[in-house]
Amino acid sequence: MADMGDCIIELRGITKNFDDQQVLRGIDLNIYENQFLTLLGPSGCGKTTILRIIAGFEEPSKGELLFNGIDIAKVPPYKREINTVFQKYALFPFLNVYDNVAFGLNIKKVDKSVIHQKVQKMLSLVGLDGFEKRDVTLLSGGQQQRVAIARALVNEPKVLLLDEPLSALDAKLRKEMQGELKKIQQEVGITFIFVTHDQEEALSMSDTVVVMNDGKIQQIGTPVDIYNEPENRFVADFIGESNIIEGNMIRDCLVKFDGYEFECVDKGFKENEEIEVVLRPEDIEIVAPEQANLVGEIISSVFKGVHYELIVKTAQREYKIHTTDIHEVGKKVGMVLDKEDIHVMYKMDY
Amino acid sequence: MKKRKKGFPILYIVLCFLFFYVPILVMMVFSFNSSRSLTRFEGFSLHWYEQLLADSEIMGAVSVSVSIAALATIISTVLGTLTAIGLSKTRRVLKEWLLNVNNLPIMNPDIVTAIGLMILFSSMKFDKGYMTMLLSHVLFCTPYVITSVYPKVRQFDDSLANAAMDLGASPFQTLIKVIVPCIKPGIFAGMLLAFTMSFDDFVVSYFVTGNGVQNISIIVYNMTKRTNPTINALSTIVIVVILVALLIGNVVPMLANKKKNGRLKEEER
């Protein structure tokens, strides 16, 4: 993980209403220097609105937006030291690659030779040497993407905003660009704020993931925290696949669900508090029925490429299990869990 | 499929073209006639062109037509383009209403517009002449500009404007450097329409002018009362000018495209 400096952007109690619909319901968020932060959530959760507020295209209905400690909520976008990579790139179709990248510097009336030098450097950073005179409308999606990144970064912003920049690319190219974006971020050493609805993208690129739903932040944490210690059912459900089971916390490090008590590592809940437990499908180990409390019958097995997805039906429910071993449908099996693999979360109010 | 006879369609097209262009050709030929006759060609001469250039009244009308058309084109293009951009950002109900209102002057018979303007200028005690003619031309040209620019503005992707502002361009810089280049085809089409509408207008100009200010149409109209082949010379020049303008308007973009494609092919090699 990159070392983070001081807090550069601070959102304090930001709300946003469109007509009578509230799309952001009180967002508090600190964004640090040199951080790769991802806003993750389903469409309509408000993640893009946050980005547009930081960029200056929307004004918050309430709350403060601090940039280096100064409220910039009312500063127009062209006076902010922030640049954006737009979802569909928004390259200027009437300019070639060079002039697209040079646009911001030309506006600032930077010396031509300095512009030339910076544009060349940026084009080679994104791997587009020799593309200067190309017509941007004739480039491939991945190349347009790179031009958009170069066009934003050449202005040396303090913060780069990326609005689902990879969503228009095919799967393989998207993987490639994920790695490349991360590399670029480390090279230029500035804050990236990345918006996506793709959880895998978020987990593989970010220092910090902010999971959002329904205009609220659900959880802020490192990818590992978000995956292993989801704070509530929404996060657990949205990030990866999971079995979510209602239960009770007997005491610290002891949880009860489906009629059995299990050792776990979670603390700080009230005695007998109603909680929900997340079990990741790949964490459940299949053993002989005599060796386990939880016993059930395999009712389906689907080959998924790397693993098989099994559904095991017990007296209480169906468990989803990922395993690389072959098991026959109809077989009775037992299931055991490591205490580290039982993730206890607060029960969500519905 | 049965082979169709090709003779008739070609004959039909030839007849159409003859019908359109013979009158113009006849006029052009007779502009070089050495005599005053409009029925017998008696020899080649540039007499009527000399007369034309020597006639300060006609030359004055030419300069009025050209300057009015140029000014009306510039003013109505700026007005119409800004209006079209503004319209695209307006609430839907108001927008549709305004677009319909914008069509009124286009649908309205010129004579009605002309009389309306004449009465307006008279009642407001405007001194009729060059200014009233220019104002009227701006008035009837602007709707054409709006109509041809608006579809282009609607096609314009707002994220381009956002991108420009994101890169530090002020709203005005965004307009000039991003929006205008994107809607340029619409603006050119509007300009061309505005220029031709203004240049060949007779009805409106005739009613709103005064103090001896005449454009080409008015002076030609006055001259037809007596046979004067100078009109032929003048008309020939006008046609040649329009032809050249059309050629430039059509050929230059074609050449530019060819050049661009050629360059691309070169790069691919």
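The values are calculated or read from the model by the stated rules, or taken from the named source; none is laboratory data. For clarity, every value in this text was computed on a predicted model and none was experimentally measured. Positions of Cβ are backbone-derived with ideal geometry, glycine not excepted, and every protein chain shown enters the neighbour counts. Calculation scope for accessible area: heavy atoms of the full protein, side chains included, ligands and nucleic acids excluded. Shrake-Rupley method; radii C 1.70, N 1.55, O 1.52, S 1.80 Å.
Quick look at the numbers
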| item | result |
| --- | --- |
| Output for region A:260-275, where each listed residue is more than 21 Å from A:R317 (Cα to Cα), surrounded by fewer than 16 Cβ atoms within 10 Å (Cβ to Cβ) and either in contact with a Cys (Cβ under 8 Å, 6 or more places away or on another chain) or among the β-branched types (V, I, T) (or both) | A:V265, A:K267 |
| Pairs with Cβ under 8 Å, 6+ apart, first in region A:109-125 and touching a residue at least 60 places away in the same chain (Cβ under 8 Å), second buried (at least 19 other Cβ atoms within 10 Å of the Cβ) | A:L125/A:A150; A:L125/A:L153; A:L125/A:I184 |
| Helices (runs of 4 or more DSSP H) wholly inside region A:70-166 containing at least 1 residues that are open to solvent by less than 20 Å² (accessible area, probe 1.4 Å) and closer than 17 Å to A:G56 by Cβ | A:97-107, A:141-153 |
| Pairs where the first residue, in region B:61-81, is within 14 Å of B:V145 (Cβ to Cβ) and the second is surrounded by fewer than 16 Cβ atoms within 10 Å (Cβ to Cβ), C-beta under 7 Å, 6+ apart | none |
| Answer from A:K108, A:K158, A:K88 - the residue that is among the charged types (D, E, K, R) and farther than 29 Å from A:S206 by Cβ | A:K108 |
| Qualifying residue in region B:3-17 (condition: within 24 Å of B:D201 (Cβ to Cβ), at pLDDT 80 or above and among the β-branched types (V, I, T)) | no |
| Test result for B:Q214, surrounded by 14 or more Cβ atoms within 10 Å (Cβ to Cβ), more than 14 Å from chain A (Cβ to nearest Cβ) and over 15 Å from the mean Cα position of the chain (by Cα) | yes |
| Within region A:129-152, tally of residues that are within 11 Å of chain B (Cβ to nearest Cβ) and either among the acidic types (D, E) or under 18 Å from A:M177 (Cβ atoms) (or both) | 6 |
| Any hit, region A:296-311, residues being closer than 16 Å to A:E246 by Cα and part of a loop (DSSP other than H, G, I, E, B) | no |
| Residues located in region A:54-65, provided they are in a strand (DSSP E or B) and either within 14 Å of chain B (Cβ to nearest Cβ) or surrounded by fewer than 18 Cβ atoms within 10 Å (Cβ to Cβ) (or both) | A:K62, A:E64 |
| Members of region A:5-43 found to be open to solvent by 60 Å² or more (accessible area, probe 1.4 Å) and under 19 Å from the mean Cα position of the chain (by Cα), listed by number | A:D28, A:N30, A:Y32, A:E33, A:S43 |
| Residue satisfying all of: in region A:44-53; open to solvent by 40 Å² or more (accessible area, probe 1.4 Å) and not charged (D, E, K, R); modelled with the highest pLDDT among these | A:T48 |
| Selection count where residues are more than 14 Å from chain A (Cβ to nearest Cβ), surrounded by 20 or more Cβ atoms within 10 Å (Cβ to Cβ) and of a type in the set (S, T, N, Q), scope region B:131-184 | 4 |
| Residues of region B:1-52 classified as surrounded by fewer than 11 Cβ atoms within 10 Å (Cβ to Cβ) and among the β-branched types (V, I, T), total | 5 |
| Tally, over region A:242-259, of residues that are surrounded by 13 or more Cβ atoms within 10 Å (Cβ to Cβ) and assigned to a strand (DSSP E or B) | 12 |
| Residues (of a type in the set (F, W, Y) and modelled with pLDDT of 85 or more) located in region B:18-53 | B:F19, B:F20, B:Y21 |
| Residue under evaluation B:F202, criteria (1) at pLDDT below 85; (2) open to solvent by less than 20 Å² (accessible area, probe 1.4 Å), criterion not met | (2) |
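Yes or no, residue by residue, for (1) touching a residue at least 40 places away in the same chain (Cβ under 8 Å); (2) touching a helix residue (DSSP H, G or I) at 6+ places or on another chain (Cβ under 7 Å):
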{"position": "A:E261", "(1), (2)": "no, no"}
{"position": "A:P289", "(1), (2)": "yes, no"}
{"position": "A:I321", "(1), (2)": "yes, yes"}
{"position": "A:H327", "(1), (2)": "yes, no"}
{"position": "A:G330", "(1), (2)": "no, no"}
{"position": "A:M348", "(1), (2)": "yes, yes"}
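Yes/no matrix, rows are residues, columns are (1) over 30 Å from A:D252 (Cα atoms); (2) assigned by TED's automatic domain parsing to the domain that holds A:I275; (3) open to solvent by 70 Å² or more (accessible area, probe 1.4 Å):
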| site | (1), (2), (3) |
| --- | --- |
| A:I311 | yes, yes, no |
| A:A315 | no, yes, yes |
| A:Y319 | no, yes, no |
| A:T324 | yes, yes, yes |
| A:K332 | yes, yes, yes |
| A:M335 | no, yes, no |
